[in-house]
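Presented below is the structure to which this report refers.
The values are calculated or read from the model by the stated rules, or taken from the named source; none is laboratory data. Here the structure is a predicted model, which means the values were calculated and not measured. Here Cβ is always computed from backbone atoms with ideal geometry, including for glycine, and neighbour counts include all displayed protein chains.
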Amino acid sequence: MKVYFDVCCLNRMFDDQTQGKIRLEAEAIVGILKRCSAGEWELVGSDIIELETSKNPDAIKKQKVSRLHDGATIKINYNTEIKARAVKLREHGVKFFDSLHLASAEYVNVDVFLTTDKQLINSSIRANVKIRVENPLNFYMEVLNNG
């Protein structure tokens, strides 16, 4: 299974864990990353993740997220096909970086694109993306429930 985390997901483990939903999402992300590092699933990275992460003003978070991203076994290089698809996604109201992430994930046909951004999940439905877009907690609970 190929798994793509957007940057808000990769940052989730370093957010304020006193909020229950944030803590549970972070725990789900850790569980998913463990499956990737164990070789059960493939972590997909991209030039877009690197670019967006580089813009984080928090140097410590930037370094931690970069380390997570370094574990990717598949790396997507930005290209004209991704650019063209991102433009089409933006026509449906998908934000700039979100469109680049979705287009990158579609380019390699990931099995699941994970985000903690509810607005992105909703806009991906409107844009009729070709991949599954889920909240990591919902996805991980489904995985655990299905054995």
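Rundown of residues vs (1) farther than 21 Å from Leu43 by Cα; (2) in a helix (DSSP H, G or I), yes/no style:
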position: Arg85; (1), (2): yes, yes
position: His92; (1), (2): yes, no
position: His101; (1), (2): no, yes
position: Val110; (1), (2): no, no
position: Ser124; (1), (2): no, yes
position: Lys130; (1), (2): no, no
position: Met141; (1), (2): no, yes
position: Leu144; (1), (2): no, yes
Condition broken by Leu120, with the remaining ones in (1) more than 15 Å from Glu42 (Cα to Cα); (2) not in a helix (DSSP H, G or I) satisfied | (2)
Residue pairs within 6 Å by beta carbon, gap of at least six or interchain, first lying in the stretch 17-44 and surrounded by fewer than 17 Cβ atoms within 10 Å (Cβ to Cβ), second modelled with pLDDT under 95 and not in a helix (DSSP H, G or I), listed first then second, are Ile22/Asp15; Arg23/Gln17
Within the stretch 55-92, how many residues are under 14 Å from Ala105 (Cα atoms) and small (Gly, Ala, Ser)?
-> 3
Identity of the residue in the stretch 57-83, more than 16 Å from the chain's Cα centre (by Cα) and part of a loop (DSSP other than H, G, I, E, B), that ends up surrounded by the fewest Cβ atoms within 10 Å (Cβ to Cβ) = Pro57
